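Step one of this worksheet: look at the structure below.
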Amino acid sequence: MQVITRIGLSEANHVLDAAQRQAEAIGVPQNIVVVDESGHLVAARRMDGAKFIAMDIAINKALTAAGSRKATRDLAPVVVPGQAAFGIHAQANGRFTTLAGGIPLIVDGVVVGAVGVSSGSTAEDQAVAEAGASAFAERFAGYAE
């Protein structure tokens, strides 16, 4: 039997709040989502003015980060033709993405969820996701109930 540690709504809201503050600071309305370790949606926030189509992209970024246990921006170099993971983007019903803005959320070396952000440039998405992930790490690193 396995015991699974996963992010809950309270922790997800903490991530969303920090990410939203960063989005507001840079003046870019964003779609911000948090998924659990299995890629299931825990919480989502669509800021006023965020592109509606980018909500699915934010979810896919978080799903990819949780499933691969890596930041989405770090996956891009290994999925191009000639590299070891070429073709993986076609997996997960096309939901796998290497666009920056997806970051796994880790407690004691275990992925418990991920944050995904989309609606700005990939650099803006990444900055907002990093703000959420950093707030999570500061508050919940070493967290145990």
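Taking other residues whose beta carbon is less than 15 angstrom from the beta carbon of residue 62, and scoring Lys, Arg as +1 and Asp, Glu as -1, yields +1. Along its three principal directions, the equivalent ellipsoid of the chain from the Cα gyration tensor extends over semi-axes of 21, 20, 13 Å, largest first.
Comparing mean-square fluctuations of 22, 126, 83 from a GNM of the chain with C-alpha springs under 10 Å, the top value falls on 83.
FRET efficiency for the residue 26 to residue 110 pair, using the beta carbon distance and R₀ = 25 Å, is estimated at 0.25.
Once you have a ≥ b ≥ c as the square roots of the Cα gyration tensor eigenvalues for segment 81-145, tell me rounded if a/c is under 1.5, and otherwise prolate or oblate according to whether a/b is larger than b/c.
On the way: a/c = 2.69, a/b = 1.53, b/c = 1.75.
Oblate, since a/c reaches 1.5 and b/c is not below a/b.
At 222 nm, what value in deg cm²/dmol follows for the chain if DSSP H runs of at least 4 each add -39500 (n - 2.57) and the sum is divided by all its residues, to the nearest 500? All intermediate terms of the calculation are to be shown ahead of the outcome.
Details: 3 runs with 52 residues, N = 145.
When only DSSP H runs of four or more count, the value is -12000 deg cm²/dmol.
Hey, in the GNM for the chain with a 10 angstrom Cα cutoff, which one of 82, 132, 102 fluctuates hardest? Its mean-square fluctuation being the largest, the pick is 82.
To the nearest 20 debye, what charge dipole does segment 9-111 have about its Cα centre, counting +1 at the Cβ of each Lys and Arg and -1 at the Cβ of each Asp and Glu?
Working: 9 positive and 9 negative charges, 63 e Å.
That gives a dipole near 300 debye.
Summarising the label geometry, the points placed 7 Å from Cα in the beta-carbon direction at residue 69 and residue 137 lie 1.7 nm from one another.
All of the numbers you see were taken from the coordinates with simple rules; none came from a lab. All values derive from a computational prediction rather than experimental measurement. As a convention, Cβ positions derive from the backbone with ideal geometry for all residues, glycine included, and neighbour counts pool all protein chains shown.
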